[in-house]
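The values are calculated or read from the model by the stated rules, or taken from the named source; none is laboratory data. Just so it is clear, the structure is predicted and the values come from calculations on it, not from any experiment. In this analysis, Cβ positions are derived from the backbone assuming ideal geometry, glycine residues included, and neighbour counts consider all displayed protein chains.
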Amino acid sequence: MSDYTKTIPINDLVTKIRRPNHLASRIEKQAAAGAAIPKHLLHRYHHLQHHTQLIRQAWAGLLPNEILSACQVVNVSSVEIALAMSSPTAANHARYMMESCIQALRTYDQRFCQLQSIKLIVSSKTTSPKLVQSDARPNNLKKILSENTRQMITQTAQFVTQNERLNQALTQLARTNTDSKK
């Protein structure tokens, strides 16, 4: 007797594929299904990456490596280039060196001989304006309310508010600012 059994190889690829859940974006679901990036977008991406490398090579002696590594080309035309910078400091540094940068690009590659301007965009999400504290007065001093404002707060606490806790808080605010004047 022969012990011949037919073996079927297990397709491990099916078990290794991670399928996105219902919360995944449309792009993630398409990527998991095997959809590729459209060719025109892929070509545009490679075109911009190539120009990014050219600019980094041309500006190697002008700008620090930290700025160059965070610089990305986002639009290219024969007369203008738009760059995305990672921080406002990097963008200001590049703006300060703008004429030297344009001249370096013109001499580095023939493609940039008609270049007239470079636009800079700050692309980081962490660059939202922060509250700036004035150095004119120390932080430990309380701001004193004017007499008119103090009277309005007191009258609001007495005649307008129905909430007892709000009434107490408003009268305490008016009293505290009166005490700090003395």
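Worth pointing out:
- Filtered residues of segment 49-68 (kept if closer than 13 Å to residue 94 by Cα and touching a strand residue (DSSP E or B) at 6+ places or on another chain (Cβ under 8 Å)): 55, 67
- Extreme residue, farthest from the chain's Cα centre (by Cα), among residues of segment 7-26 that are of a type in the set (S, T, N, Q) and either in a helix (DSSP H, G or I) or modelled with pLDDT under 80 (or both): 7
- From 106, 95, 111, residue being touching a helix residue (DSSP H, G or I) at 6+ places or on another chain (Cβ under 7 Å) and either surrounded by fewer than 16 Cβ atoms within 10 Å (Cβ to Cβ) or modelled with pLDDT of 90 or more (or both): 106
- In segment 50-61, the count of residues that are within 23 Å of the chain's Cα centre (by Cα), in a loop (DSSP other than H, G, I, E, B), over 18 Å from residue 111 (Cβ atoms) and not charged (D, E, K, R) is zero.
- One residue stands out among those in segment 27-49 that are part of a loop (DSSP other than H, G, I, E, B) and not hydrophobic (A, V, I, L, M, F, W, C): the one that is surrounded by the most Cβ atoms within 10 Å (Cβ to Cβ), which is 38.
- Members of segment 116-135 found to be of a type in the set (A, V, I, L, M) and modelled with pLDDT under 90, listed by number: 131, 132
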